[in-house]
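Novice: To start, I am sharing the structure in question, which I have written as structure tokens.
The values are calculated or read from the model by the stated rules, or taken from the named source; none is laboratory data. From a predicted model like this one, the values you see are computed outputs, not experimental measurements. Cβ placement follows ideal geometry from the backbone for every residue including glycine, while neighbour counts extend to all protein chains displayed.
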Amino acid sequence: MFDQGEQQTARPNSAALLRREDLAAELRDYARSDDEAGVRELVSESMWPDHVERLAFVNAADQETGNTALHMASANGHVRLVQLLLEAGARAAVRNAAGNTPLHWASMTGQTRCVEALLQALQARGESAFILNDRGRSAYDEALVAGFEEIAALLMQFAEEHPASSAADVPAGTASSPNNDEPSL
């Protein structure tokens, strides 16, 4: 049997859940705006002593867009934050509401150093670097559409060097041949 204090710890009340959502929104804002101190504080082990709760927090997605802090840091070229979030347990292969991963976003916004950090994490975790978004595009495709040939070449080189991490991962309901030439954020 739990006493009153233990029960609250085991099952967070709605105020605690709202606070966690507010903190997750703050984490995404810090990641977008390159606030390393803010990100470091929010993902610290002292803030989240329970490892499972920490992982859930680091990977918390916006309810509308599905974007995580890693999406925001990747799209804005904040490589230090990308590395910090990955070290804290951020999932490199997480998809947002449009099926885009942080690698898609880094590729379509020309963030070469973030692409390199994400490729390293995906390869280390045995995850595909060629996940297709809801428009049927990989990060390689998005880099080409956005005109970032250097990033496309980097992704092609990665595919040649790491064929096991380069198989396309196609989500259910994905279009097989996109017709629109605009990047899909």
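Novice: Could you please find all residues in the stretch 114-157 being assigned to a loop (DSSP other than H, G, I, E, B), aliphatic (A, V, I, L, M) and touching a strand residue (DSSP E or B) at 6+ places or on another chain (Cβ under 8 Å)?
Specialist: Matches in the stretch 114-157: L132 only.
Novice: Starting from residues that are acidic (D, E) and within 19 Å of A73 (Cα to Cα), keep the ones in the stretch 113-158 and report whichever is surrounded by the most Cβ atoms within 10 Å (Cβ to Cβ).
Specialist: Restricting to residues being acidic (D, E) and within 19 Å of A73 (Cα to Cα), the top hit is E142.
Novice: Another question about this same structure. Just to be sure before I move on: is V94 surrounded by fewer than 22 Cβ atoms within 10 Å (Cβ to Cβ) and touching a residue at least 24 places away in the same chain (Cβ under 8 Å) in the structure I sent?
Specialist: yes
Novice: Quick one: which of E26, E36, E87, E64 is in contact with a Gly (Cβ under 9 Å, 6 or more places away or on another chain) and at pLDDT 95 or above?
Specialist: E26
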